[in-house]
Amino acid sequence: MKNINGTRLKQGLADTFSSLVALLLAFVVSGLLILLTDANPLEVFSSLFVGGLGSPLALAGALNRMAPILLAGLAITAGNSCGVFNIGFDGQFLVGFVLAAVVGYAVPLPSFLLIPLVFLAAIAGAMLWSFFPIFLNIRREVNIIFSCIMLNYVGKYLVNYLIQQFPGYIASTGGSPRVQDTAMLPALIEKPYKINLAVLISLVSLALLYVILFKTRSGYEMRAAGLSRSAAYSAGIPVEKKAMAGMLLSGAFAGMCGALELMGITGRAIEDYAPGYMGLGIAVAMLGREKPAMILLSAFLFAVMKNGTTLMQMKTGISAQFVLVIQGLLIIFVGIGPLFRYLMNRFHEGRKNSHA
Amino acid sequence: MLSFLKYIFIATLRLGTPIALTSMGGCLSQRGGINNIGLDAQMTLGALMGVCGAYWFKSAWVGVLVGMLAGLIMGLIHGFVVNTCGAPMAVSSQAMILFSQGLTIIVLFAVFGNVGYSDQVASISSTPVLANIPLAGDTLSQLSPLVYLGLVILAVLNFLLYKTPMGLRMQSCGEHPRAADTAGINVTLYRYLGVMTSGALGGLGGAMLSIGYMNLFQDGMIAGRGFLAVGAISLGGYTLKGAYAAGLLFGFFDALQLYVQTTNLPVPSQFVQMIPYLASFLVIIFASGEHSGRRGRAPAALGQPYSKISGTR
């Protein structure tokens, strides 16, 4: 057995512990909020998880829903790892989504060529959309959050415009016609319950990101730049190049997420499409803290919650959007994580002073 | 032409004042050293709780106060998470944005029983008192009293920040907190004061949109205006007046967009809707870079949490 580094293990346990505490607090507070609306919190949570995970069919559904959430989490993680907060995910996702639809609709190719081409188109578009903010930040010191948000809105309206230009645009549903059947992802497992190939692709992406970040020199430098910009700079790491790489990587995952959404779920581009993957991605990244197992687990958790909302709504009348509240609370509590450390420090110092 | 100018003038002040107020608050918070990027969330909750307050107490003015209180609490949370706990600012801001999105849904559901929009409530979208002023009375009375209140707040805060010892102390907390601490200034207090004022002003800005401009709350009605306010701070050279003016400029783009929609120009509507975002983006791109220092600099210790024990980190 390998010699386990004690402090590293301790740090890992503390991280996992604080994620769990955040999770618990989020459920307690959202339970209190449910009480305010005159419903029974236990019933709400149990129907949420029974609907999300209670049967083999539900499990298959949760796995299928996990793929785009996992990719969104990877996109945010890739940005965070080198200190860039990619709040432009929504715009990048939409650009990837619509380009995937264009290629999937217009290019007559057999499936094994068309699907990679759709991926490439979506990834290229999304990377372009993530390139502007980071480029402007490096060259002209434009606030990256500001430019990301502006590009999200520009992207949203541009995508709406492009969808209306599709030949055979369907105004009643506000969407493009369906893409060719050859552009739809084949199933990984057809029977007894359908599981998308997207699940496998998202898992491979997770492994890929792990290898890039933790097993290559470039990934090491990216993480160093994320931990301390000035320290990395003095060590000779080209900090700006690393930020650029992180943002582009993040954009690539966002584009992949858009392509999977099109080829695996919707099959056509839809106007004003807002599945809310950015929020989920941020939650996954914050709970996961660059640990592959934790990222996977939290993506699965959110997929289960998303999968179970229909049953929850049917049984208790609580809006399906309520899951957003739990997410929001979860993120607040994860964000407060350093508070625990701060209070511990205060506690220790107080003890030291009383002994002196 | 005259009617065009009048339309743009009124719409600019209506749509620009919320951004300007929020941006001014954000600037004040930055002067104290805390970077409040959660302005969008504070506007959202201000707009939402403003409508709830107006609904509960049957008075739009009480609604405004409730909205400001909601923003203030969000500001307090942001200050706590960022300055006292030392969490990364962008993370706290994003958490607040998600939280406000989630809370919007649940509050609308709990109070009004709807998803996505509220009932219509009392609003204060005009100032009838001013109608008797000759010549301009007609135009001025069409503006919400909150527009005038915004200008008053600007004057007061501008005086407080630049002309009183209190304001100078606050600025020192953003420039060099260790020095300020050594001089006996309570850095934490001033920073919290800044970020809470910013939250309250963000709440006021949001409430202005929901009950000073319209008379209900709709999901997504803030539409990124809080982020425009963040951009307006740097465009305004990190001064209160500058931030206010830049906020009004962004409001002007918004007004222009509304005007173009009423004309029948042969431009796809999506490109018209893009105007406020694209124009603001381009303005910011051209205004930043090497020469941006001429307008003013960001506080030196902006975004560095400070505590007596460990100093800036």
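The values are calculated or read from the model by the stated rules, or taken from the named source; none is laboratory data. Only a predicted model underlies this, so the values are computations on that prediction, with no experimental measurement involved. Positions of Cβ are generated from backbone atoms using ideal geometry, with glycine treated the same way; all protein chains shown enter the neighbour counts. These area figures cover heavy atoms from the full protein model, side chains too; ligands, DNA and RNA do not enter into them. Shrake-Rupley method; radii C 1.70, N 1.55, O 1.52, S 1.80 Å.
Treat the range B:104-143 as a sphere of radius equal to its Kirkwood radius over Cα pairs and apply Stokes-Einstein at 37 °C in a medium of 0.692 mPa s; give the translational diffusion coefficient in µm²/s, rounded to a whole number.
Here the translational diffusion coefficient equals 264 µm²/s.
Once fully extended, how much extra length lies between B:Val152 and B:Ala183, figured as 0.36 nm per residue of separation less the alpha-carbon to alpha-carbon distance?
Contour length minus the Cα-Cα distance gives 8.0 nm.
Please give the contour-minus-distance gain from B:Leu135 to B:Phe9: 0.36 nm per residue of separation, less the Cα-Cα distance, rounded to one decimal in nm.
Difference between extended and current length: 43.9 nm.
I'd like to check one number: the per residue accessible area of chain B, probe 1.4 Å, reported in Å² as a whole number.
39 Å²
Given R₀ = 22 Å, what would the calculated FRET efficiency be for B:Gln261 paired with B:Ser126, taking r from the Cβ atoms and rounding to 0.05?
With a Förster radius of 22 Å, E is 0.50.
When only alpha-carbon atoms are used, what values of Rg and Dmax, in angstrom, describe the range A:112-169?
14.5, 43
In Å, the Kirkwood hydrodynamic radius of the range B:1-53 over pairs of distinct alpha carbons?
Result for the range B:1-53 stands at 12.9 Å.
Sorted from largest to smallest, which semi-axis lengths in Å does the alpha carbon gyration tensor of the protein assembly as shown give for its equivalent ellipsoid, taking the root of 5 times each eigenvalue?
Ellipsoid semi-axes (Å, largest first): 38, 32, 26.
Helix B:89-107 against the longest principal axis of chain B: what's the angle in degrees, Cα atoms only, rounded to the nearest 10?
Roughly 40 degrees between the two axes.
I want to make sure I understand the PRE zone here: with the label point 7 angstrom from the Cα of B:Leu76 toward its beta carbon, which residues in the range B:181-222 have backbone N atoms less than 18 Å away?
Zone members listed by number: B:188-204.
Find which of A:Gly255, A:Leu74, A:Leu151 sits farthest along the positive direction of the dipole of the range A:68-301, computed with +1 on the beta-carbon of Lys and Arg, -1 on that of Asp and Glu, about the Cα centre.
The residue sitting most towards the positive pole is A:Leu74.
How large is the Kirkwood hydrodynamic radius of the range A:68-301, in angstrom, based on all distinct alpha carbon pairs?
So the Kirkwood estimate lands at 17.9 Å.
Quick one: Karplus J couplings for the range B:25-42, per residue in order, coefficients 6.51, -1.76, 1.60, θ = phi - 60°, nearest Hz, x for Gly and Pro?
x, x, 5, 4, 4, 5, 4, x, x, 9, 8, 9, 8, x, 4, 4, 5, 5
Stick to Cα atoms and the Kirkwood definition of Rh, then tell me Rg/Rh for chain B.
Reported Rg/Rh, Kirkwood definition of Rh: 0.98.
Can you give me the Cα centroid spacing of the range B:236-296 and the range B:51-88 in angstrom?
27 Å
List the trypsin sites (Lys or Arg not before Pro) within the range B:1-110 that fall in a DSSP loop (any state other than H, G, I, E or B) and whose Cβ has at most 11 other Cβ atoms within 10 Å.
Passing sites in the range B:1-110 are B:Lys58.
Could you work out how far apart the two model spin labels at A:Ala106 and B:Ile309 are, taking each label as a point 7 Å from the Cα in the direction of the beta carbon, and quote it in nm?
About 6.0 nm, to one decimal.
Using the Cα atoms of the range B:74-123, I'd like the radius of gyration and the largest Cα-Cα distance, Dmax, both in angstrom.
14.5, 41
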